[in-house]
Amino acid sequence: MKAHERRKLDIPKQVETERLVLQILGPGDGEALYTAFTESIERLQPWFHWAQKATSLETNQLHVRNVQAYYYNCERLEYGIFLKVDNTLAGRIGVHEVCWDPIIRELGYWLRTGYEGCGYVSEAVQALLKICFENLQAHKVIIRAESENERSLTVARRAGFTHEGTARHYQPSNADPDRMVDMCFYSLLGSEWR
């Protein structure tokens, strides 16, 4: 799919679920993202390489501006997970590096400390699957997570993803770079969705 064809896709900037509003991060969200990340950094560090050091408010404000460019260029999608009840930024979910051939999408997500265990990620994943299969014309969506990240693996299983396999010693651990970790790969085909 050529760049001009990608821009014609109808990719929503905002999606509502029962309890959430998923919205492409943009101007004005930098401070909320900074606060959510700062509160959650210790819990995120074992799983994400980008969470290994604290960031500044300015860095987060720049990041949300870049998110807008990613969206308009159909490069990747980064939605804030906002609670309908009070508009709190409870986390982030997105489609990483949209690849167009073959048509495979990879989901990634994280929640702010204190918002785990409420089903917010599972609810957000269902909304993003709709975008992947209906708007982005995905054939397959994948979720990958370290074998020790049980919360993330549970999200994939609850959403109906199939465990395709585990790559042993896939990468160094974010928590301990001298230790190699296994990576689990889960997928959901368009024909299996819904």
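The values are calculated or read from the model by the stated rules, or taken from the named source; none is laboratory data. As the structure is a computational prediction, the values presented were derived from the model and not from experiment. Here the Cβ is made from the backbone with ideal geometry for all residues, glycine too, and neighbour counts use every protein chain on show. Note: areas computed on protein heavy atoms with side chains; ligands, DNA, RNA excluded. Shrake-Rupley method; radii C 1.70, N 1.55, O 1.52, S 1.80 Å.
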- Query: Considering only the range 104-119, how many residues are out of contact with any helix residue (DSSP H, G or I) (no Cβ under 8 Å at 6 or more places or on another chain) and either at pLDDT below 90 or crowded, with 22+ Cβ neighbours inside 10 Å (or both)?
  - Reply: 3
- In the range 141-189, which residue that is in contact (Cβ under 8 Å) with a residue 60 or more places away in the chain and of a type in the set (Ser, Thr, Tyr) is farthest from TYR120 (Cα to Cα)? SER173
- Task: Determine whether ARG168 is part of a helix (DSSP H, G or I), over 24 Å from PHE82 (Cβ atoms) and open to solvent by 30 Å² or more (accessible area, probe 1.4 Å).
- Result: no
- Query: In the range 148-165, which residues are in a strand (DSSP E or B) and surrounded by 15 or more Cβ atoms within 10 Å (Cβ to Cβ)?
  - Reply: none
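To keep it simple, each residue is scored yes or no on (1) open to solvent by 40 Å² or more (accessible area, probe 1.4 Å); (2) modelled with pLDDT under 80; (3) farther than 21 Å from VAL121 by Cβ.
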{"site": "HIS4", "(1), (2), (3)": "yes, yes, yes"}
{"site": "LEU20", "(1), (2), (3)": "no, no, no"}
{"site": "PRO27", "(1), (2), (3)": "yes, no, yes"}
{"site": "ARG43", "(1), (2), (3)": "yes, yes, no"}
{"site": "HIS49", "(1), (2), (3)": "yes, yes, no"}
{"site": "LYS53", "(1), (2), (3)": "yes, yes, yes"}
- Item | Enumeration of residues in the range 128-147 that are under 11 Å from ALA159 (Cβ atoms) and either open to solvent by 50 Å² or more (accessible area, probe 1.4 Å) or touching an Asp or Glu at 6+ places or on another chain (Cβ under 8 Å) (or both) | VAL141, ILE143
